[in-house]
Structure formats: structure tokens, C-alpha cells
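Down below is the structure, laid out as C-alpha cells.
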Amino acid sequence: METWLATSPWPGVVLWVILYISDYYLTLYSARGFREIGHFQFEGSFELTPQYQKDIDALNPISKLHFTLLILYSLLIIFIWWFTQYFLQLRWAYLLYLGMLLLLEVAIHIRHLRNVSLIREIQRNGGVEGQITYQKWFTYRVSAFEFYLSSILFLIIAALTYSLFFVGGAIMCFGTGFKHSRMAKKAKTNPPQAVAVQT
């Protein structure tokens, strides 16, 4: 697989585009779904990434920021492939970087699939009563734990397969988990002023 990914930048770009686009629209689906079932409230915003919170809260089908970053990161993948192949002649550096991008999205998609499954099950069969409110710090802490688990999983795979692609994924997931841990502490110290009711 790594040989296929490193031969040309286009497999990486195609996978990135698919994962990054589906990430945004699965987030929209979950945000809309949690509002419709009415059992869940999220302090501040359902979206964890501050830059995207306005778009997700408004359920915007098209985000200028998302489109801009999609293009920029796609161009960056092409540039890093060229730079590592022809200038540095270090294929492993490209695979490390690509693993950081793609496997972070894989970890995020696992969360999306869990949310989609939960929403569809409640919509079809119920099984949930009352309401629950997720405080922002708690949401970030749970997110951090999930990223740490993904980091450990990718690190184990990397050790078993001697894959720098999975090393990249482990590094990125750990870094994101650490970032969310810090955001959890900040949110607990300075909580949002209001709770966003998802109805």
C-alpha cells in the first residue's frame, strides 16, 4: 500500500479529498440529527473545531473555509511529494506526512460512524428518554481519550508493519488528543456563557 501511495501524489490527494469532504458532511448530518431527535444538548457548539463552529451551527451546506483548506492541503500534498521525491529523495518523509493527514481523518470518521449509528437507531427504535447536556470540557476530554486510543492503535500497527505511514497517524492523533486535553482544561476553567440547546 505504501508503495502505491508514494509512487504519485494523486492517490494521496484523492483519498484526502474524499475523507475531508465526507468529514464535513458527516458532521453536518450528526449536528442535524442530534437536533432532530432532541435528547442531546451541547454546550457552546456541537462542533469541536472553533474555526468551523459557525458553519456547523448554521448547518451551512457549503463552507468557504472548508473549501479553501481542501484546496490548500491538496496542493500541499503535491508539493511535499515533489519536495521529498526530487529534492530530499526521502520517500519515508512523504509517507509520514501523508499518514498524519489521512489517518487523523480515519480516526475522526470512526467517531462520525458511531454518531450516525446512534442517531439512526434512536430515530428508528427510540430507546432514549429525557435529555442530556454535554458540557464543553467533557466533550473535549472524551475526544482527547478517543484520539489517544487511535494513536496507540496506529502505533501498534506501525510497530508490527514497520510503517512510517502509521507512525505519522499515531503522532497526529496524539497531538490532537493533547490539544483537546488542553482545550478541556480551558473550557472547564472558563465555560461558555450559554448552553446551545439542540432542538
query = Please state the equivalent ellipsoid semi-axes for region 1-112: what are the square roots of 5 times the Cα gyration tensor eigenvalues, largest first, in whole Å?
reply = 33, 13, 11
request  = Using packing as a proxy for protection, rank 102-108, 136-142 so that the peptide with the highest average count of other Cβ atoms within 10 Å comes first.
outcome  = 102-108, 136-142
query = Per residue and in Å³, how big is the convex hull formed by the alpha-carbon atoms of region 84-195?
reply = 142
task = Please report, as a whole percent, how much of the solvent-accessible surface of region 120-173 comes from carbon and sulfur atoms (probe radius 1.4 Å).
result = 65
query = Most mobile of F46, F67, F147 per a Gaussian network model of the chain (Cα springs, under 10 Å)?
reply = F67
request  = Taking the Cα centre of region 1-156 as origin, work out the dipole magnitude from +1 charges on Lys and Arg Cβ and -1 charges on Asp and Glu Cβ, in debye rounded to 20.
outcome  = 40
query = What do the square roots of 5 times the Cα gyration tensor eigenvalues come to for the chain, in whole Å, largest first, as semi-axes of the equivalent ellipsoid?
reply = 33, 18, 16
request  = Could you look at region 33-75 and say what percent of its accessible area is carbon and sulfur, using a 1.4 Å probe and all protein chains?
outcome  = 64
message = Could you work out [θ]222 nm for the chain from helices alone, using -39500 (n - 2.57) per DSSP H run of at least four and dividing by all its residues? Round to the nearest 500 deg cm²/dmol.
response = -25000 deg cm²/dmol
request  = Calculate, for region 36-152, the solvent-accessible area per residue in square angstrom, rolling a 1.4 angstrom probe over the heavy atoms of the protein chains.
outcome  = 57
0 to 90° range, to nearest 10: angle between helix 10-37 axis and the chain longest Cα axis = 0
query = Taking the Cβ-Cβ separation of I152 and R182 as r and a Förster radius of 25 Å, what is the calculated FRET efficiency to the nearest 0.05?
reply = 0.80
task = Using a 1.4 Å probe and counting only protein heavy atoms, arrange L164, L95, L72 so the residue with the most accessible area comes first.
result = L72, L164, L95
inquiry  = Show me the ranking of peptides 156-163, 51-58, 172-179 by mean Cβ neighbours inside 10 Å, starting with the highest.
reply    = 172-179, 51-58, 156-163
ask   = log10 I(q)/I(0), Debye, Cα-only region 60-110, no solvent, q = 0.19 Å⁻¹?
value = -0.72
inquiry  = What is the angle, in °, between the Cα long axis of helix 164-189 and the longest principal axis of the Cα atoms in the chain? Nearest 10 is fine, range 0 to 90.
reply    = 30
request  = Take the chain, connect every pair of alpha-carbon atoms lying under 10 Å apart with a spring to form a Gaussian network, then pick out the residue of N115, N60, N125 with the largest mean-square fluctuation.
outcome  = N125
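The values are calculated or read from the model by the stated rules, or taken from the named source; none is laboratory data. Please read these numbers as outputs of a predicted model, since none were measured by experiment. Every residue, glycine among them, receives a Cβ derived from its backbone with ideal geometry; neighbour counts consider all protein chains shown. Only protein heavy atoms, including side chains, enter the accessible area calculation; ligands, DNA and RNA are left aside. Shrake-Rupley method; radii C 1.70, N 1.55, O 1.52, S 1.80 Å.
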